[in-house]
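None of the figures in this text is laboratory data; all of them are computed from the coordinates on show. Worth saying up front: this structure is predicted, and the values here are computed from it rather than measured. When we count neighbours, we look across all protein chains shown, and the Cβ atoms used for this are built from the backbone with ideal geometry, even at glycine.
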Amino acid sequence: MASDDSSPPDAKRLRRSPPTSTSPDHLLVDEILTRLPIAAAVRLRAVSRDWNAALTTDHFILAHRARAAAARHPELLFFAPPDHRNTTTFYACSLRGCEPPAAARELLTIDYFSAKHAVMSPTPCRGLTLVSDGRAPRYYLLNLSTGDHVALPPCQPAAKAHPDPLAWLPRGTTSYLPSMTPWRPFELSTTGLGFDTATDEHKVVRLFKRRNGEHACEVYTLGKPGGWRPCAGRVPASAASILPAMPPVFVNGYLYWLLQPAAPGDEQIRRILSFSIGAEQFGSVYVPPRLSSRMCHLANLDGSLCAVFDYRGAGGVYGLFTCSEPSASPSPSWSVRCSIYLNRLPREVSDELMEERVIVPLCTAGGRILLATGRHEVFAYDAGRNAVERVFRMQEFVDVPNDCREARLLLSVGLHDECIADLHPGAGGERMLFVNTGRRGNTVVKREVPVEYHDDSDRRFNVFFKDLATMAAQI
C-alpha cells in the first residue's frame, strides 16, 4: 500500500537516529518542519499521535534549534510596567541589523502575577526563562514562545533584609543594588538557572541565608521528583557575601555570583563565586585587584563571562572585561572587550548614560555590543566608530508611568530565545499560573514619544562629577 504523503516521519526511527539524507522523512523534517515558528510546530503536535511523536524527537528539536539560531537576529524581551490590572505581559521585538524595531509582538500575559514584583533571568537558558515573585520564594520556569510553564515546589524560607534603609548593602561602583530594598519583605537569597549537558537537565540553584544565620544552597532538577534538595558540595564561607536578589550568570556549565566587595584597602581577588551545574561543587574565580575593586556586575556576553567595570561617576569610563574559561584555570586571563569614554561621546548621549544607574551588556549584534539599562532602554556601542546609539525604548511601545521609569531591581529588558523546550508539569511541580498566549498578529507599533531626562536632579549631579573629572584630566 502506498504511503500517505501527509503522514509525519516514523517517530520510533527518528528517536533512534536522524533520518537519512535521501529519505522523504529528511526533507519533511529538516527542510519544512524545522522552518516553522515555535508556536506553529507545537500546534501541529495535536494533529495525531504520530505527529506528536515526530515533533518531540531529540533530532527534530535540535534541528529546529540549529536552523533558528543560524537565521536569527537578536530579539529583545521586555515586560510592561504594572497598571491597574494584576498582570505581567511579555513582549519581544527583533533587531535586524541593529536597527530600532518598528513593532513588538505580544508573547503572553500572566494573570494574577503583578509586574510590580516580577523578576526574570536576563538571558534564557535553552529556551526557558526563570521568573519569580520578588516578595515570596515562588519560582516558575516558562517557555515564553509557547506559554508552557512549571511552578517549582515550595522552597525553604530565607532570612529577610533589615527594614532600616541604613542597614542596606553597599552599592554604587561596587554593585548595581538599588539604594533601598525594592519591596518588602525582601529575602536574602539569589537564584539562577543552568543546564547540565551531560544529563540534558535544567537545574535551578538557590543560594540563601537561613533565618538562623547560616548560608545554604538547594537545587531543583526539572523533571525529577522530590522537589528541592541540598546541593552535593559544601557551601563556602564566602557565600555570606552574596548580593541578595542579584541573579547569577550561567556560562558553559557554571553559575557565577558577584560577591560584596571586601573592606576598603583589602585586595579581594576572589570576588566571583562559581558553581558547577554538573558536579554541584562551589569554587572561585581569580580577578585582578584593580578590576575587582570597580567590578559591579557580571553578564554572559556571547558565551564568555563578562565583568562590568563601571567608573562613570569619577572617571567617565565604562568598560567590559571578558574571560572565556574562568573555571578551567586557577588564574584565568581577563581581556578588555571594550572601554567607553563618555567624554568622547556627544554631550546628549554622554549625559544620558551618566544618569543611568544600571548598564548591562546583552550580546553582540552586527559587530556592536547591545547595552540594556535600568530605565528600559537599549544602546548599541560600535567600537570602530566609538559611537553609541539608542536602538530601543520601552516607552515607544507601552505606557510607562512616572513611578516605573526605572526597574525596581535590575532590568525589565533582556534577551528572548525562540526555542522548543518541553516542560512536563507532573514531574516535581504543578501548573499554577494563568497564562494567556498572545494571538498571532497581536503587535504593538512603535510610537513617537519625547526623549526626556528621567530625573533632572540626578542628571545634574552626575554631570557635575563628570565635568569635574574632565577638568581634573586637563590640569
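Data table
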read-out	value
Per-peptide average of other Cβ atoms within 10 Å, ordering 43-50, 309-316 highest first	309-316, 43-50
Residues Arg408, Arg85, Arg105 arranged by fewest to most Cβ contacts within 10 Å	Arg85, Arg105, Arg408
18 Å cut-off, amide nitrogen to a point 7 angstrom out along Glu389 Cα→Cβ, residues in region 326-345	345
Ranked Ser276, Ser324, Ser331, criterion: other C-beta atoms within 10 Å, fewest first	Ser331, Ser324, Ser276
Hydrodynamic radius by Kirkwood, which averages 1/r over all alpha carbon pairs of region 80-205, in angstrom	16.8
Backbone HN-Hα couplings from phi across region 210-226 [Karplus 6.51/-1.76/1.60, Hz, Gly and Pro as x]	6, 5, 8, x, 6, 9, 9, 9, 10, 10, 10, 9, 5, x, 9, x, x
Calculated FRET efficiency for the pair Arg138/Ala40, C-beta based, R₀ 22 Å, to 0.05	0.10
Additional length obtainable on full extension of the chain from Arg85 to Ala102, 0.36 nm per residue less Cα span	3.5 nm
Extension gain (nm, one decimal) between Ala314 and Arg229, 0.36 nm per residue minus Cα-Cα	26.1 nm
Sequence of Val349, Val219, Val131 once ranked by neighbouring C-beta atoms within 10 Å, starting from the fewest	Val349, Val219, Val131
Rounded FRET efficiency, nearest 0.05, which uses the C-beta distance separating Ile32 from Thr364 and R0 of 25 Å	0.20
Distribution of pairwise C-alpha distances over region 247-377, 10 Å bins, in %	12, 42, 33, 11, 1
GluC sites (Glu not before Pro) within region 173-240, DSSP loop, no more than 16 other Cβ atoms inside 10 Å	Glu214
Extension gain, Ala237 back to Arg210 (0.36 nm per residue minus Cα-Cα distance, nm)	8.3 nm
